[in-house]
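The structure appears below as structure tokens.
Read the figures in this text as sums done on the coordinates, not as results from a lab. Only a predicted model underlies this, so the values are computations on that prediction, with no experimental measurement involved. Reconstructed Cβ throughout: ideal geometry from the backbone, glycine too, with neighbour counts over all protein chains shown.
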């Protein structure tokens, strides 16, 4: 194997940036050799079509995805994860068209479950949303480059996000299944514990929840519910898939008390209901229930009917991740505007 | 924009009304699809905080342009 | 650049815009609401103006389920089969 000339690589980095095919950071120049090695590691044919990537509906073949994965800095063995993630975001249920074009901020969060986490050294422990792990950094980045280069989601042009968030560089975590008292996110959604999967969520930035003092499930969940209540805004209702990432120290509280994940979801969902009269536009802020919902109530200002923050308990997705020290969790709000996007799974196919 | 380009492809003259903030996105999407001649009808941004009457007034201003976009 | 592989997948194909009629007289005009809030107010007024100032054969109102996706195929087919011209609103 010959090493590429470093001088040539430096020129290529400038040239690729000038062509508008990067995320602003330097990319690894996609030489034919690098791309071929990456394709070979997946055991798939270069021309195999993985999906049509909105909003352009560009053809994401194994080779096109491999070119972007090389640019993102992926090791060849990461490609099967990237392929599964691309396939997942191209599922109609994910609505990548809306996710990529909206003025809202979502970025696809890639969640990895199963044994491949260990084999590829995908971080699911300390600093899980942060920097320092090549697999997390480059798998999420490869998906972003595919969205831009194959899908056409150029920021400020077709991609109209007002603010976006740093997860649009890379956004990839593993679940710390070994620290969970419960079945993993993937097992809950019908996969076997031995399967390796990706799930993609159209996600806002993680919102940290600090609770150092709670010792009972009811206390901890009250804190989490109050923080979930402000997702999108404090009077938003009928919201869809949103992720709650519990740290190992936090999850032990309901786990040791014998609560199931379904019981936690149900408790939070019930707690996150508010009477119509508290959700009126113009009362405590201009936002509130939309007109078509208000019309169902003859006297909204005095109506106690409960309206739920989330459409169903199942929309509150829960997984365990993060370091073993620290009583912190994170809420990752989904993008379910106009019932837009849902959590989508794909199995990872390795050769 | 996909819809507008699709309908033009199928022989239906189409006027797509967008706000000023979305002209560039609409243009970029049409260009990406190869529809270099596609033009939108533009009304001032923002729309969401406007009252019903304010939005109706935008229609009055844009109407002639909409008809011009649809006819030769 | 030839030594590096292309990360993009262009989808542009040559396209022409549809032939324009000389006026809207006698044509079916479809008003497509893309389901973004307030677009219906704009289209309501456009419908009134069409009735006052043009002589369309008919005005048909249609609505996309969501602005966040292209219109579903059955709706597209219905519009193509049933209209002379189309006005869609309102992307903001």
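Worth pointing out:
- Gyration tensor verdict on the protein assembly as shown (Cα atoms; rounded if a/c is under 1.5, prolate if a/b is larger than b/c, oblate otherwise): oblate
- Ordered by the number of other Cβ atoms lying within 10 Å of each residue's own Cβ, fewest first, A:102, A:197 fall into the sequence A:102, A:197.
- Helix A:62-72 axis, angle to chain A major axis (alpha carbon atoms, nearest 10°): 80 degrees
- With neighbours defined as other Cβ atoms within 10 Å of a residue's Cβ, the residues C:61, A:44 order from fewest to most as C:61, A:44.
- DSSP bridge orientation in the protein assembly as shown - percent antiparallel, rounded to nearest 5: 50 percent
- Averaged over the residues of A:64-72, the number of partner chain Cβ atoms lying within 10 Å of the residue Cβ comes to 3.
- The mean number of partner chain beta-carbon atoms within 10 angstrom of a residue's beta-carbon across peptide B:61-70 is 5.
- Largest GNM mean-square fluctuation across B:30, B:59, B:15, computed for chain B with C-alpha springs under 10 Å, falls on B:59.
- Acute angle (nearest 10 degrees) that the helix C:39-53 long axis makes with the longest principal axis of chain C, alpha-carbon atoms: 50 degrees
- Most tightly packed first, judged by the mean number of other beta-carbon atoms within 10 Å of their residues, the peptides A:86-96, A:321-331, A:24-34 read A:86-96, A:321-331, A:24-34.
- Helix A:32-42 axis, angle to chain A major axis (alpha carbon atoms, nearest 10°): 50 degrees
- Shielding of peptide A:161-168 by partners, expressed as the average count of other chain Cβ atoms within 10 Å per residue Cβ, is 0.
- Largest GNM mean-square fluctuation among A:35, A:320, A:200, using chain A with Cα springs under 10 Å: A:35.
- Footprinting exposure proxy for A:304, A:121 (fewest neighbouring C-beta atoms within 10 Å first): A:304, A:121
- Separation of alpha-carbon centers, the stretch A:141-161 and the stretch A:18-43, rounded to whole Å: 16 Å
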